[in-house]
Amino acid sequence: MKIDAKQIIKHLSKSNCSTDKNFFQAVMEVLESVKPIVDDNEIYNTNNIIQRIVTPDRVIKFKVAWLDDENKVQINRGYRVQFDNTLGPYKGGLRFHPTVNEDILSFLAFEQIFKNSLTGLPIGGAKGGSDFDPKGKSDMEVMRFCKSFMVELHRYIGPRVDIPAGDIGVGAREIGYLFGAYKNMTSRYEGVLTGKQIAFGGSNIRPEATGYGVVYFTQKLLELNNMSSLKGKICLISGSGNVAIYTIEKLHHIGAIPVSCSDSRGVLYDKDGIDLDLLKTIKKDRKNSLELYVKTKTKAIYTPVEDFHKNQNNLWDIPCFCAFACATQNELNKNDAKNLLKNGCKVVVEGANMPSTPKAIDIFLKNDILFGPAKAANAGGVAVSEFEMSQNASMQSWSSEEVDKKLQKTMCNICENIHQTTIKYKLGKNYVQAANIAGFKKVADAMVALGV
Ligand code: NDP
């Protein structure tokens, strides 16, 4: 069977599964990648695997009406994209951000299928959220929004059905309110959400998991490519949220030198290494600007977005050995990739979902920059989420050491798996294609075995 990616995108547009570019970008990337195994495997054709895998099982959309502090009724949109449950119950985060729409969530849910498959754990792919912006809202407003959101969502989730977690704008506070609402409405105390606080069923190391996992993955990647370790190396990190902070923390633990971070307003560069305690204190309140850092650490440099060179993010123009993109989608474009190359960067790893544009990835692959794609590199968060589900199901609580050890093992296995895939399919250093092939094959084979 020959995949015609453009034809499939056309079909998706017609069937109105999604209307915009992020989802199609993600689908195109996967379809181009899996050509070698699909072209050679007639059984995928007979079972129409490609059409089935790019079509979400269901997209749930709902209205969320909530009361603000002035007792005015506010309305937002809520979504849950349950994309595929071939390998296990739907699993994927909830995002609260003004940019949330069906397109973004479809892309994230689609990516989640293959990421979850790569972990080797029994979980399917989903994503959800709302265009609600928790930034600038009072605690009570966030609580009222979460309660209203769960009034709708609780009909579609369950510990063996769909288990949402956090993502951008949904941290421990939001998960707590959502879990409280679920418990009150159903009288059931069960592992229906992950990312909970330890006191009510959360897992040790869940907040740290994605960032730590990114670093564990990178260390293994370097080892498998006979490259020197991160110890003593200059590293760039974008973002200053959950993923970025714990990537920086683990880099400090292993003796690397993380020198940057960013948010939607600007970039911070501290050549002596980011002072993590100071950064955490500043970012306890998301409203705070990174500019505050420079008031304490006067040698650090803050550059607001308005001062960026045209079509570039100044962060990626700082010389480094390794760059970790941990903020958001499409935050690293071809100009940024050229800057990294020019400044001698040897490794780029994605902590965020799809932070590099396709043209940027092209530059990395063509110029021997070792590139760790999100699907593989940032799977640590969902892996520990699955550990949380296991602990909830067996009414146990594992120690931090135990969870951390399992996390390390999972990240090393993912890296080893895609490395072996590059060898098996003669892909050189193309870990993007390898991650897509390895993730896809497991789901496709299970789909065939399960029948229509
Ligand atoms: P957070 O909301 O905790 O942090 C996001 C960070 O990115 C914030 O510092 C935010 O700044 C910054 N940011 C947002 N938009 C931009 C922009 N346009 N330019 C520069 N910075 C920006 O989210 P997470 O850290 O949890 O998630 C980050 C990424 O990692 C997302 O792509 C997410 O899907 C992915 N991911 C997260 C996992 C997790 O476990 N948390 C698991 C796997 C993937 P500001 O505060 O100004 O908006």
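Since every read-out is calculated from the coordinates, none of them should be taken as a lab result. Because the structure is predicted, anything quoted here is derived from the model rather than measured. Because the Cβ atoms are built from the backbone with ideal geometry, glycine has one as well, and the counts that use them run over all protein chains shown.
At-a-glance table
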quantity	calculated
Residue among LYS196, LYS231, LYS287 that is surrounded by fewer than 16 Cβ atoms within 10 Å (Cβ to Cβ) and either aromatic (Phe, Trp, Tyr) or touching a Gly at 6+ places or on another chain (Cβ under 6 Å) (or both)	LYS231
Residue tally, condition farther than 19 Å from GLY239 by Cβ and either within 15 Å of the ligand (Cβ to nearest atom) or outside any helix (DSSP H, G or I) (or both), over segment 179-209	15
Top-ranked residue of segment 242-274 - restricted to ones that are in a loop (DSSP other than H, G, I, E, B) and crowded, with 20+ Cβ neighbours inside 10 Å, ranked as nearest to the ligand (Cβ to nearest atom)	ILE274
Residue within segment 434-442 that is over 23 Å from the mean Cα position of the chain (by Cα) and either assigned to a helix (DSSP H, G or I) or not β-branched (Val, Ile, Thr) (or both) present	no
Candidates LYS342, LYS346, LYS366, LYS338 - the one that is charged (D, E, K, R) and more than 28 Å from ASP272 (Cα to Cα)	LYS366
Those residues of segment 210-241 which are of a type in the set (Ser, Thr, Tyr), more than 9 Å from the ligand (Cβ to nearest atom) and in a helix (DSSP H, G or I), in sequence order	TYR212, TYR216, THR218
Residues of segment 143-172 classified as within 16 Å of the ligand (Cβ to nearest atom), of a type in the set (A, V, I, L, M, F, W, C) and surrounded by fewer than 21 Cβ atoms within 10 Å (Cβ to Cβ), total	1
Subset of segment 87-132 [part of a loop (DSSP other than H, G, I, E, B) and away from the ligand (no atom under 12 Å from the Cβ)]	LEU87, GLY88, PRO89, ASN101, GLY120, LEU121, PRO122, ILE123, ASP131, PHE132
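For (1) crowded, with 22+ Cβ neighbours inside 10 Å; (2) under 15 Å from CYS261 (Cα atoms); (3) within 13 Å of the ligand (Cβ to nearest atom), each residue gets a yes or a no:
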{"position": "THR303", "(1), (2), (3)": "no, yes, yes"}
{"position": "ASN313", "(1), (2), (3)": "no, yes, yes"}
{"position": "LYS338", "(1), (2), (3)": "no, no, no"}
{"position": "LEU341", "(1), (2), (3)": "no, no, no"}
{"position": "VAL347", "(1), (2), (3)": "yes, no, no"}
{"position": "ASN353", "(1), (2), (3)": "yes, no, yes"}
{"position": "ALA360", "(1), (2), (3)": "yes, no, no"}
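To keep it simple, each residue is scored yes or no on (1) in contact (Cβ under 8 Å) with a residue 60 or more places away in the chain; (2) in contact with a strand residue (DSSP E or B) (Cβ under 6 Å, 6 or more places away or on another chain).
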| site | (1), (2) |
| --- | --- |
| LYS35 | no, no |
| ILE60 | yes, yes |
| VAL81 | no, yes |
| GLY88 | no, yes |
| LEU94 | yes, yes |
